[in-house]
Amino acid sequence: MAFDTQFLLILISGLFTSLAASLLGAFVVVKRMALVGDVLSHVALPGIGLALLLNIDPIYGAAVFLLAAAFGTWFIEKKTALPPEAIIGTFFTATLALGVILVPHEELFESLFGNLFAIGFKDAVLIVSASVVIFILTLLLARRLTLGIVAPDLSKSAGFRPDFSYLAFLLLFALSVALGIKLIGSVLMGALTILPAVSARNFAWSLKSFLIFSVIIGVIITAIGIIISNVFNFSPGPSVILSGIVFFAASLLFTRK
Amino acid sequence: MPARWARRRCFWNNESRIMNSGNHKNHNHAKTEHANPILDVRDLSVSFGKDEVLKGISFQVKEGDFLAIIGPNGAGKTVLFRALMNLIPYDGEVKWRANVKIGYVPQKLMEKAELPLTVREFFVLKSKNLFFKDKQIVNSIFHELKSVDIGADILDRQLINLSKGQLQRVLISWAILGHPEVLLFDEPTAGIDIAGEESVYNMLHKLQDERGMTVIMISHDLNVVYRYANNVLCLNKERLCYGEPSQALTNEQIKRLYGESAFYHHLH
């Protein structure tokens, strides 16, 4: 196993990315938006394409498109009776079409499944600091978001604004997907968000234990996945996801219902 | 059945008669001389698109009142509650006394089986604090659970594992946490056994006596209305009757409100 700088940068950025993604993922699963996350992750494509054309960092391109889609979803959901998955599905098809036109073929595949770009020191700093911010904001949002999910009317009657916590949540989710693009690709980022939470849910007995286990599992599967990918020379994305699947299978043995 | 609680406030009788004859202005004037209402609703209308769900509803609630709101399914009872709490846009006037604190008991929570929330965590969600422990809430949880007659061992159970009756009590104690002056109580249509229901009303009454709380309740049980409410509002998109139950709730009114079949059902 080669402990070169590139490996360390990937490992560290990966761990922090998963820290933020797996905490958000707990709420994604609870809000029944698991597939929404998956779909949202494709929205990044045209952003990546444009960024490549304009020669800027693809994370920024992806982030702009993801944030716009997240805000658009929230806005349209507020104005119509459409469920979020249908709205994001609409964004997704539009952006996928744009993405296929904008992103060169070989890079299209890699931006979906990761391993496209080398992680530089600057990237690692960006990913780590943004992940820490997302993680903290999500923690601060947790109570409001949960009450908004269980009982929006109770939340409003207590003087809170559940629609704003939902918007904040969507934007954080979009940002976290953007962060994962270089590392494990946009498709697999959706999976990294969900997998720790579904495993954790199987044996959680409270909200707190659910969130803690989700984060711990996220960090563990990312570490294992990245180390294995380095040893066998896979790309880290699929390897992280497969280790997540193993955890999920194991969690089925401990299911409390 | 004698309306024990309603009788206590028999001065309502005359007023409600005036009310039924449709003479709003005199009525309101007479009442404000007794006490400032805690809630004054005038000409409240709510529309969803082209559907007018509530039309020109007016009523007043005074401190310590127990107002029952009754009406068939789809009459707009819950919509009225949501308008009172300013959760939906409406026309007309909803005037609460300044700085009044309102507790709300919804019919049910969304069935979110994927959320492993415990009763304790559910209480903490009411905290204004985003992250840190809220000592005030933690301390009052026990006190509130006691007032709804449930033991503290329920705190570590998950919300989704509670029976309907237990959940209702938890929702009530959640609502009265922080001692609101007014309780809006949306009674579940079904699913709680009679014995359980009985004690919920007694409990509400105890709370009302101890804390001087005002209760506005959506009810599906006319017996409850006669027994506990000192004022009733019959609703079917518009106001069909309003006043002291034994006066306002005539057989005619009940028939108008629920139709023949329900009328017989309720009297048996």
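No value in this document is a laboratory result; all are computed from the given coordinates. Note that the coordinates shown come from a computational prediction; the quantities given were computed from them, not determined experimentally. In this analysis, Cβ positions are derived from the backbone assuming ideal geometry, glycine residues included, and neighbour counts consider all displayed protein chains.
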Most positive-pole-ward Cα, A:84, A:68, A:152, against dipole of the protein assembly as shown from beta carbon charges: A:152
Per-residue Cβ neighbour rank within 10 angstrom, fewest leading, B:50, A:79, A:156: B:50, A:79, A:156
Residue B:131 versus residue B:52: modelled label distance in nm, points set 7 Å from Cα along the beta carbon direction: 5.2
Net lengthening on full extension, residue A:250/residue A:97 (0.36 nm per residue, minus Cα-Cα): 51.3 nm
Per residue Cα convex hull volume in Å³ - calculated over the protein assembly as shown: 168
Calculated FRET efficiency for the pair residue A:81/residue B:99, C-beta based, R₀ 35 Å, to 0.05: 0.45
Reachable lysines from residue A:31, criterion Cα separation under 22 angstrom, eight or more residues apart if same chain: A:78, A:79, A:156, A:208, A:257, B:108, B:112, B:126
Inter-chain Cβ neighbour average for residues A:141-151, partner chain, 10 Å: 5
Averaged over B:123-133, number of beta-carbon atoms from partner chains that fall within 10 Å: 4
Chain A, Cα convex hull volume normalised per residue, Å³: 119
Magnitude of the charge dipole, region A:5-254, Cβ model with Lys/Arg +1 and Asp/Glu -1, debye to 20: 800
Within region B:51-156, GluC sites (Glu not before Pro) in DSSP loop having at most 16 other beta-carbon neighbours inside 10 Å: B:63, B:111
Ranking of A:193, B:214, A:90, A:5 by count of other Cβ atoms within 10 Å, fewest first: A:5, A:90, B:214, A:193
A:33, A:189 arranged by Cβ crowding within 10 Å, fewest neighbours leading: A:33, A:189
Packing-based order for B:169-181, A:239-251, using average beta carbon neighbours within 10 Å, highest first: B:169-181, A:239-251
